[in-house]
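All remarks here apply to the structure that follows.
Since every read-out is calculated from the coordinates, none of them should be taken as a lab result. In this text, all values refer to a predicted model and were calculated from it rather than measured experimentally. Note that we place each Cβ from the backbone using ideal geometry, even for glycine, and neighbour counts take in every protein chain shown.
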Protein chains: 2
Amino acid sequence: MHPAPQLARRLDSLRSSAIRDLLTVTARADIISLAGGLPDPELVPRARIAAAAVDALGGLSAVQYTETPGWAGLREVLAARNSVQCGRPVGVNEIFTTHGSQQALSLLAQVLIDPGAVVVVENPAYIGALQSFRAVDAKIEALPMDADGLSVDALEELLATGVRPTVVHTVSNFHNPASRSLSTDRRIRLAALAEQFGFWVIEDDPYGEIWFDEPSPRPVAAYSDRVIRLSSASKIIAPALRTGWLQAPEHVCRAVELVRQGADLCGSALTQQIVAELIADDRWLEHHIDGVRAAYRERAEILCAAVDQEFGDVIERTDVTGGMFCWIDFLDGTDTQKLLPLALQAGVAFVPGSAFAVGDGYQNSMRLCFTTSDGPVLEAAVTRLARAHEELALA
Amino acid sequence: MHPAPQLARRLDSLRSSAIRDLLTVTARADIISLAGGLPDPELVPRARIAAAAVDALGGLSAVQYTETPGWAGLREVLAARNSVQCGRPVGVNEIFTTHGSQQALSLLAQVLIDPGAVVVVENPAYIGALQSFRAVDAKIEALPMDADGLSVDALEELLATGVRPTVVHTVSNFHNPASRSLSTDRRIRLAALAEQFGFWVIEDDPYGEIWFDEPSPRPVAAYSDRVIRLSSASKIIAPALRTGWLQAPEHVCRAVELVRQGADLCGSALTQQIVAELIADDRWLEHHIDGVRAAYRERAEILCAAVDQEFGDVIERTDVTGGMFCWIDFLDGTDTQKLLPLALQAGVAFVPGSAFAVGDGYQNSMRLCFTTSDGPVLEAAVTRLARAHEELALA
């Protein structure tokens with residue numbers, strides 16, 4: 001008489017949390033983890049957040065329930081910032097705040113996607129998005145990426161076969177896990193296709209501000225209002241503030257609001273007021289993000305140099321120009337799922353590419369995260385990785 | 001080509017937010033609102049929260065992503081507190097924290113309820129629960145309440161007809177909106193029926209600590225592990241910390257965890273650490289909640305006395321022994337939906353009973369919230385209500 005079918009179905013869908021389980025293992029102190037996807041907490045402006053918290057708690061509104069779309073003061077700040085980024089006025093009613101970007105994905109999936117509707121994702125895929133789309137029984141179509149991001153040619157071919165997606169999901173800047181950005185030319189073509197075929201683009205953009213040498217191009221959302229753009233304070237300020245936001249046409253925001261009322265009613269007025277204060281302080285924020293960029297750029301360079309030195313022509317890796325990840329393909333047939341246990345023995349963790357594959361694939365790939373270790377630790381990690389790779393070759 | 005059906009379906013289900021729209025209207029300064037369901041922010045310990053925030057931000061973990069079930073330090077404190085409340089040891093793995101109790105309802109609905117499964121609710125119902133159950137296409141069966149809470153006789157009659165609910169939802173203490181508590185005898189019978197018939201009881205208990213004269217009885221969860229108990233810091237500390245929690249068998253918590261990964265990944269380590277520090281400080285917490293109890297008790301007494309004086313035998317009202325609400329039935333046929341516009345004109349807002357009805361009903365009832373107004377304001381509100389009632393009678 002237990003409601004077993006539903007519970008069992010939920011427990012069956014464990015694959016998506018394989019990385020999470022791996023992270024538990026790699027919390028061991030003797031393992032250097034390149035497996036995470038976490039920002040460096042040492043770079044979080046804790047004193048500034050504490051001061052903003054004390055300020056906010058001087059008022060009554062910081063402790064009360066807040067509006068479901070988010071505290072108005074935060075939405076105003078975000079609308080102004082998104083207007084600059086998109087090069088056109090974005091209204092407050094086109095901004096809806098969420099409990100991190102993941103909640104935006106989940107709410108949008110519930111609002112936009114009927115069971116069986118086609119959702120196009122990139123392959124390798126951002127796992128959090130897959131989880132949200134699978135939860136509403138979407139039909140997933142995965143398209144390849146190259147150095148310029150999602151293959152819009154492949155999307156056009158898919159559309160030519162008569163497939164009509166409801167949503168196309170893209171991580172437009174410094175893709176997780178593939179560490180690539182969508183070129184401006186493709187952004188414009190993708191937006192035009194969205195208008196022509198009436199699908200929504202979900203532009204998932206948590207990393208766009210973490211560029212190293214030159215600012216990220218205008219978002220896809222600059223080119224069409226069929227684009228819903230997701231951003232977050234998690235990577236530029238702090239994950240624990242759990243403040244993400246989406247920019248979308250007003251009627252979409254209104255539908256998201258209704259779903260969120262049932263999901264969790266509203267966000268935290270306190271953390272939203274903290275984020276608003278920090279984002280409104282432009283000069284401070286730019287200076288702060290510059291520091292994050294510089295730290296991550298240095299780590300990325302050290303990691304990439306170490307990888308090149310240890311592995312040379314045995315691998316191909318992405319040019320890391322921002323974000324938090326480097327994607328590596330082994331050219332010698334190394335199965336990264338077999339490499340992982342040896343790597344853990346050697347004291348280093350990574351995520352095998354297959355964890356991000358839609359279906360099979362990427363057995364010879366891996367994702368390395370460089371954000372939470374400093375230079376010498378990254379170099380030691382790559383040395384350990386090379387040792388594990390040698391051991392696998394000898395096995 | 002727009003995904004209209006899904007969007008339209010979401011926008012159609014507007015009824016549940018009627019109260020929310022009403023609250024927008026009643027934010028006008030000239031209207032005394034007895035319509036809300038908000039705790040008084042003046043009673044929130046803002047200085048203590050600020051101090052705890054500063055403390056927490058001394059460490060790195062307060063700014064990082066945290067575990068999906070919640071920061072371990074908070075779950076330990078909650079497990080200890082729930083153990084005392086339930087009179088048996090509750091393990092840390094039986095505690096799962098949520099973004100307010102509403103998220104617990106939403107996640108549990110997704111985990112436990114297949115489309116078409118029967119969910120028993122109380123009538124009048126807690127609207128947030130109805131939203132979550134309807135979102136997963138549950139078949140709602142509403143049962144009556146009396147002075148001792150949910151009619152367990154009516155539940156037995158329903159079971160005798162062969163209906164097999166998956167979930168029975170009850171607000172066990174100081175029901176919203178009906179302002180009643182489930183008697184101990186019925187708690188024991190309900191728990192026994194859950195075991196006999198294999199349904200889950202969702203014991204929704206945000207108000208249990210806001211008792212006025214004597215502590216609330218042992219929770220239903222004390223009597224069976226087929227009971228999932230929901231509580232929250234929103235009413236005893238602050239809504240904006242968005243910290244709720246559920247107590248459930250470990251395999252249920254594990255299933256909820258998987259759904260939450262896709263829903264929003266995790267809660268805020270910062271607000272969870274604040275709540276943990278405040279709840280761990282037993283003596284301070286008891287003293288603080290005593291202050292909330294005393295303030296609300298005084299307001300409830302003043303409201304009830306004013307209602308009795310103005311309306312006498314024209315109404316019946318609940319004996320308010322805790323929580324945030326008084327429920328009133330007009331015995332003279334007053335239609336409270338017709339009363340509302342006149343009341344707003346007179347400068348007072350309430351929620352008509354029909355807003356809480358499953359199907360039709362409660363046209364002659366209303367819910368009054370006494371938490372956010374002091375004595376003289378409550379008395380003025382009831383005077384205005386009486387004037388509106390007279391006008392309706394003359395119309």
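Listing for the model above:
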quantity	calculated
Peptide B:44-56, shielding by other chains (average Cβ, 10 Å cutoff)	5
Inter-chain shielding of A:241-248 (mean C-beta neighbours from other protein chains, 10 Å cut-off)	2
Positive-end residue, the protein assembly as shown charge dipole about Cα centroid, Cβ charges, pick of B:A280, A:V314, B:A386	A:V314
Check: chain B dipole with +1 on Lys, Arg Cβ and -1 on Asp, Glu Cβ, in debye	1100 debye
For chain A, share of DSSP beta bridges that run antiparallel, in % to the nearest 5	55 percent
Closest approach to the B/A rotation axis among chain B Cβ atoms, residue and whole-Å value	B:A53, 2
Sequence ranges A:262-268, B:316-322, ranked by mean other-Cβ count within 10 angstrom, highest first	A:262-268, B:316-322
Label spacing, shortest first and in nm, from A:G91 to its equivalents in the remaining copies (7 angstrom along Cα→Cβ)	5.4
Estimated 222 nm signal from helices in chain B, with DSSP H stretches of n ≥ 4 weighted -39500 (n - 2.57), rounded to 500	-14000 deg cm²/dmol
Antiparallel content of DSSP bridges confined to the protein assembly as shown, in %, to 5	55 percent
Shape box of the range B:76-132 [Cα atoms, principal axes, largest first, Å]	35, 23, 20
Equivalent ellipsoid semi-axes - Cα gyration tensor, the range B:58-281, angstrom	28, 19, 15
Other copies of B:D329: label-to-label distances in nm, shortest first, labels 7 Å along the beta-carbon direction	7.3
7 Å along Cα→Cβ, label-point gaps from B:D148 to other copies, nm, shortest first	7.5
Set of aspartates and glutamates near A:K235 by C-alpha distance (under 15 Å), chain-local residues within fewer than 8 positions excluded	A:D40, A:E42, A:D204, A:D205, A:E209, A:E286, A:D290
Order of A:H287, B:H169 - criterion: other Cβ atoms within 10 Å of each residue's Cβ, fewest first	A:H287, B:H169
Given charges at beta-carbon only (K, R positive; D, E negative), |dipole| of the protein assembly as shown in Debye	340 debye
Packing-based exposure ordering (other Cβ within 10 Å, fewest first) of A:E301, A:E277	A:E301, A:E277
Net dipole in debye of the range B:58-281 [+1 Lys, Arg Cβ; -1 Asp, Glu Cβ; about Cα centre; nearest 20]	280 debye
Most positive-pole-ward Cα, A:V77, B:A355, B:A47, against dipole of the protein assembly as shown from beta carbon charges	B:A355
Kirkwood Rh (inverse of mean 1/r, distinct Cα pairs), the protein assembly as shown, angstrom	27.6 Å
Amide H contacts of A:T243 (H built 1.01 Å from N, under 5 Å, at least 5 apart or other chain)	A:G100, A:A233, A:S234
Peptides ranked, highest mean first, by Cβ atoms within 10 Å: ranges A:364-375, B:112-123	A:364-375, B:112-123
Cα point-scatterer Debye curve for chain A, base-10 log of I(q)/I(0) at q = 0.08, 0.11, 0.12 Å⁻¹	-0.43, -0.82, -0.98
Neighbour-count order for A:R387, A:R187, fewest beta carbons within 10 angstrom listed first	A:R387, A:R187
Alpha carbon convex hull of the range B:15-146, volume per residue in cubic angstrom	198 Å³
Extension gain (nm, one decimal) between A:D148 and A:T161, 0.36 nm per residue minus Cα-Cα	2.3 nm
Whole-number Å³ per residue for the convex hull built on Cα positions in the range A:98-159	87 Å³
For the range A:47-156, share of DSSP beta bridges that run antiparallel, in % to the nearest 5	25 percent
Per-selection Kirkwood Rh - the range B:233-388 (Cα, Å, 1 d.p.)	18.5 Å
